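A.B. asks: Handing you a structure now.
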Amino acid sequence: MDQEMPIDDLITEMNQGIAAVITNEAEDGVVPRFNQAKTIGCLRGEFRVHDDIPPELKHGIFSEAKTYPAMLRFANATSRDDAEKDVRGLSIRLSDVEGPVLWGEPGFQDFILNSYPALFVATPEDFLGFILARQANQRLWFFLNPFNPHLKALWIAFKSRQNHLCPFDVRFWSTTPYKLGENSGQVVKYSVLPCSDYQTLQAEKPGRNQLRAAMKAHLQRYPAKFHFAVQTQTDPHSMPIEDASVIWDEAVSPFRIVATITLENQDFDDPEALAECEASSFNPWQCLAAHEPLGRMNQVRRLVYAHAAAVRNRNQE
Ligand code: HEM
């Protein structure tokens, strides 16, 4: 593992590296995201907090049974071609959220998730190493540099890339931890689990945009549904806050369902809707204090995501 750096230095170096990478990748005046760059689609739905959740989990948006309007962005991490193996991303924004937020606009709560339970790197220092390697067009060097190899990262990067037939059938994880309750001392990870009455069994219109086509076909038949669940940290050693590459064992601490997300049939794939989705941005710190992001990895994400979104939007004006 690389030596610990001051947070401010990490943020400055990440911002520079990410800005260089994404401006270099701009196509037709659109600067893409550094991660989860291919927009599959943004969909509107509802996020219903259950009324029977255990009392100790009733904090922040989960403190009472309530239905929030939700916006979900589905994306591919690296590939423009939906038929290829990849890590998928799911970003959720709830609105009508009451109370002060830690960053961003009042009234909104974001959740940012990936389709694998661990991040490929353990620390923000390792993530910076990856950004710099990507900037130098030497991604493989980051993993295989004999003086500082990242073989576990290579293994996770390999395992986490999978073929999928429809994002509505994919399970997602936050990979990094969050508070549950401002002063409760509870630490949780999030997971979003598919639970629709319908599953895509073969590629819908096979090709570059087959995931978008599959979502459309699914919604024309049935609503899409997911459960939202939290996993409580029960052992700080085997469930660390400061190593995003460690999967917290579900046999030791199972995920508990606290809400259901439902998406009804809707138009989400016209050029205007896709452009709006592309221009959207999320931030793990767009949240209530009861859901504060924890750990150094999350700490850098506040300013790094904001800076990256500003670079994208500045270039699209
Ligand atoms: C130090 C750690 C990390 C850094 C520096 C980083 C960096 C970034 C950046 C720059 C973006 C694009 C933001 C924008 O342009 O609006 C992004 C997006 C994203 N990242 Fe990360 N990331 C980190 C950790 C993570 C982790 C732990 C996850 C796990 C779920 C994750 C999942 C995502 C997803 C799903 C998106 C797409 C967000 C959207 O829909 O706008 N990232 N990341």
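The values are calculated or read from the model by the stated rules, or taken from the named source; none is laboratory data. Fair warning: this is a prediction, and the values are worked out from it, not measured in the lab. A quick note on method: Cβ atoms are made from the backbone with ideal geometry, for glycine too, and the neighbour counts reach across all protein chains shown. For accessibility, only protein heavy atoms count, side chains too; no ligands or nucleic acids. Shrake-Rupley method; radii C 1.70, N 1.55, O 1.52, S 1.80 Å.
A.B. asks: Search the structure for amide H atoms under 5 Å from the amide H of GLY41, placed 1.01 Å from N in the peptide plane, and list their residues when 5 or more places away or on another chain.
C.D. replies: Sorted by chain and number, the residues that satisfy this are PHE74.
A.B. asks: I'd like the carbon and sulfur percentage of the solvent accessible area for the chain, probe radius 1.4 Å, heavy atoms only, ligands and nucleic acids excluded. It would help to have the intermediate numbers written out before the result.
C.D. replies: On the way: 7420 of 14620 Å².
The value for the chain is 51 percent carbon and sulfur by accessible area.
A.B. asks: In whole Hz, with x marking every Gly and Pro, tabulate ³J(HN,Hα) for the range 122-128 from phi via Karplus 6.51 cos²θ - 1.76 cosθ + 1.60, θ = phi - 60°.
C.D. replies: 7, 9, x, 4, 5, 5, 4
A.B. asks: Springs between alpha-carbon atoms under 10 Å, Gaussian network over the chain: tell me which of LEU72, LEU144, LEU128 tops the mean-square fluctuations.
C.D. replies: Largest GNM mean-square fluctuation: LEU144.
A.B. asks: For the chain, what does the accessible surface come to per residue with a 1.4 Å probe? Please give it in Å². Kindly include the intermediate steps, with their values, before the conclusion.
C.D. replies: On the way: 14620 Å² over 317 residues.
Roughly 46 Å² per residue, with all protein chains present.
A.B. asks: Quick one: P(r) of the range 205-264 from all Cα-Cα pairs, 10 Å bins, percents rounded to integers, in order of increasing distance.
C.D. replies: 19, 28, 23, 25, 5
A.B. asks: In the chain, what cysteines have no partner Cβ closer than 4.7 Å?
C.D. replies: If one checks each Cβ against the other cysteines of the chain, CYS166, CYS195, CYS287 turn up with nothing under 4.7 Å.
A.B. asks: Moving on to the next point. Any idea how many Lys pairs in the chain come in under 16 angstrom at the alpha carbon, given 8 or more places apart or on separate chains?
C.D. replies: Numbers: LYS38/LYS85; LYS58/LYS66; LYS58/LYS179; LYS58/LYS189; LYS85/LYS159; LYS179/LYS189; LYS205/LYS216; LYS216/LYS225.
Taking the Cα cut-off of 16 Å, the pair count is 8.
A.B. asks: Something else now. Tell me the Rg and the Dmax, in Å, that the Cα atoms of the chain produce.
C.D. replies: When restricted to the Cα atoms of the chain, Rg and Dmax are 18.9, 54 Å.
A.B. asks: Run through every distinct alpha carbon pair of the range 64-121 and return the Kirkwood hydrodynamic radius in angstroms, one decimal place. Could you put the intermediate results ahead of the total?
C.D. replies: Working: mean 1/r = 0.0741 Å⁻¹.
Result for the range 64-121, one decimal place: 13.5 Å.
A.B. asks: Could I ask something else about it? What is the magnitude of the charge dipole of the range 7-316 about its Cα centre, with +1 placed on the Cβ of each Lys and Arg, -1 on the Cβ of each Asp and Glu, and no other charges, expressed in debye to the nearest 20?
C.D. replies: Details: 31 positive and 38 negative charges, 128 e Å.
Using Cβ point charges on Lys, Arg, Asp and Glu, the range 7-316 gives about 620 debye.
A.B. asks: Could you compute Rg(Cα) / (2.2 N^0.38 Å) for the range 161-222, with N its residue count?
C.D. replies: On the way: Rg = 16.1 Å, N = 62, 2.2 N^0.38 = 10.6 Å.
Cα-based Rg divided by the globular estimate yields 1.52.
A.B. asks: Now for a separate question. Counting only helical runs of four or more DSSP H residues, what would the 222 nm mean residue ellipticity of the chain come to if each run contributes -39,500 (n - 2.57) and the total is spread over all its residues? The partial results should precede the final answer.
C.D. replies: Numbers: 7 runs with 89 residues, N = 317.
Rounded to the nearest 500, the figure is -9000 deg cm²/dmol.
A.B. asks: Provide the solvent-accessible area of VAL252, counting protein heavy atoms only and rolling a 1.4 Å probe, rounded to the nearest 10 Å².
C.D. replies: 90
A.B. asks: Here is a further query. What full-extension length gain, to one decimal in nm, is calculated for HIS50 and LEU154 as 0.36 nm per residue of separation minus the Cα-Cα distance?
C.D. replies: Working: separation 104, 0.36 × 104 = 37.44 nm, distance 3.89 nm.
Contour length minus the Cα-Cα distance gives 33.6 nm.
A.B. asks: Using +1 at the Cβ of each Lys and Arg and -1 at the Cβ of each Asp and Glu in the chain, identify which of PHE143, ALA65, ILE257 lies farthest towards the dipole's positive end.
C.D. replies: After comparing all options, I get PHE143.
A.B. asks: Would you mind estimating how fast the range 214-317 diffuses translationally, via Stokes-Einstein at 25 °C and 0.890 mPa s with the Kirkwood radius over Cα pairs, in µm²/s?
C.D. replies: On the way: Rh = 17.3 Å.
In µm²/s, the coefficient rounds to 142.
A.B. asks: Once phi is turned into θ = phi - 60°, what whole-Hz ³J(HN,Hα) does the Karplus curve with 6.51, -1.76 and 1.60 give for every residue of the range 107-118, x standing for Gly and Pro?
C.D. replies: Each residue of the range 107-118 in turn: x, 10, 9, 9, 10, 10, 9, 10, 8, 9, x, 10 Hz.
A.B. asks: Continuing with this model, one more query. Please list 3J(HN,Hα) in residue order for the range 47-58, calculated via the Karplus relation 6.51 cos²θ - 1.76 cosθ + 1.60 where θ = phi - 60°; whole Hz, with x for glycine and proline.
C.D. replies: 10, 9, 6, 5, 9, 10, 7, x, x, 5, 9, 7
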